[in-house]
Amino acid sequence: APPLVSFEDVSVVFGGRVHALDHVDLTIARGEVLGLVGESGSGKTTLCRTLIGLTPLTTGWIRIGGAPLIETMAADPLGFRRRVQMLLQDAVASLSPRLTIGRTLEEPIAIHGLPREAARRRLDGLLARLGLPRDIVTKFPHQISGGQARRVGVARALMVEPDLIVADEPTAGLDVSVQGELLNLLMDLRRDLGLTYLLVSHNLNVIRRVTDRTAVMYLGQIVETAPTRDLFDRPAHPYAAALVSTNPAIDPKRRRRPIVLGGEIPSVVDLPSGCRFHTRCPVAQPRCAVDVPAEREVGPGRRVRCHFPFSLAPTAAADALLVA
Ligand code: SF4
């Protein structure tokens, strides 16, 4: 089946010099949960914004269900908004303080023209599904808990029955047990409703727990894409290896020595020559400062942008990075 979403050579340049996204190729299969990781400033948020149509592309294409996003948006803006919903980091701030939760939840439905009776039924069904009390519809945002606000955010996104949910740090700021509940809920909904997610998180435990594949970004580029389990077991790109090495919850047998990156993240206005990671890469070679590495396939479902990726097969050199 064709992917639900495909990014084809997408670049976004702000003001002619800020390379926020640089030649991004990425697909998301229907029903898949794709994780997106990388430091702040790596382009994750810009990528999300392009997908919901908030940031225009400088070059390249995004297709949703095979059709160019830009054409779908122009031809049917409401239909587009219905298909792609965003879950925001700050769920409470994204709720209008002057509207009751009920009004907030009915709003998207009203916009999309669902008859009132059907809207009520959908709302009731969702509240039950999300474990929210029926009387929450009479409350105002300041009267509900942070965990409930996240659920309300999920309910609002689901009211329009989207295909794709773009979730930017959906669990940030929640305590661990509420975080776990929300993730379970998102994954149950995926199974029951056939949802597809793009999940952005700094929290590698969250990524490891719920995503099928993960894309790693560095300075506007995707440097590695891999099945999540493979990425955490044997990262191929040195930057991915550094990220993964800092995750304390990795299986102790596979735990790596933490790779501490030197230097600052270079500015997106003044990008390093050659490989963008060469100023911080622990295994950089002279060639890396000169030649731009192309993205290439290094294993089943794995793409890496590096001249000297870590071997995916067990080797002495790779194993030297594992803590005995
Ligand atoms: Fe490191 Fe060179 Fe690979 Fe870049 S291309 S990640 S500098 S080894």
Quiz item: Where residues in the stretch 296-316 are at pLDDT 85 or above and more than 13 Å from the ligand (Cβ to nearest atom), which of them is surrounded by the most Cβ atoms within 10 Å (Cβ to Cβ)?
Solution: Arg302
Quiz item: Condition test on Pro282, is it at pLDDT below 95 and more than 10 Å from the ligand (Cβ to nearest atom)?
Solution: no
Exercise. Can you confirm whether the stretch 84-98 contains a residue that is of a type in the set (Ser, Thr, Tyr), at pLDDT 90 or above and at negative phi?
Key: no
Exercise. Return yes when Ala118 is surrounded by 15 or more Cβ atoms within 10 Å (Cβ to Cβ), within 27 Å of Pro77 (Cβ to Cβ) and either not assigned by TED's automatic domain parsing to the domain that holds Leu198 or not polar (S, T, N, Q) (or both) and no when it is not.
Key: no
Self-check item: Filtered residue count, the stretch 101-157, keeping only those that are under 22 Å from Ser177 (Cβ atoms) and of a type in the set (Val, Ile, Thr)
Solution: 4
Quiz item: For the subset of the stretch 78-104 comprising residues that are touching a Gly at 6+ places or on another chain (Cβ under 7 Å) and surrounded by 17 or more Cβ atoms within 10 Å (Cβ to Cβ), which member is nearest to Thr196 (Cα to Cα)?
Solution: Leu87
Quiz prompt | Within the stretch 257-279, tally of residues that are more than 8 Å from the ligand (Cβ to nearest atom) and either of a type outside the set (A, V, I, L, M) or surrounded by fewer than 12 Cβ atoms within 10 Å (Cβ to Cβ) (or both) | solution = 13
Self-check item: Conditions (1) among the aliphatic types (A, V, I, L, M); (2) within 30 Å of Val13 (Cβ to Cβ); (3) at pLDDT 90 or above: number failed by Val137
Solution: (2)
Quiz item: Exactly one of (1) out of contact with any His (no Cβ under 9 Å at 6 or more places or on another chain); (2) not in a helix (DSSP H, G or I) is unmet by Leu182. Its number?
Solution: (2)
Practice problem: State which residue pairs qualify: first residue within 11 Å of Pro227 (Cα to Cα) and in contact (Cβ under 8 Å) with a residue 24 or more places away in the chain and inside the stretch 204-215, second residue assigned to a helix (DSSP H, G or I) and of a type in the set (Asp, Glu) in any location, beta carbons under 6 Å apart, and separation of 6 or more residues or different chains. | Solution: none
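The values are calculated or read from the model by the stated rules, or taken from the named source; none is laboratory data. Just so we're clear, the structure is a prediction, and the values are computed from it rather than from any experiment. Ideal geometry is used to build each Cβ from the backbone, glycine not excepted, and the neighbour counts take in all protein chains shown.
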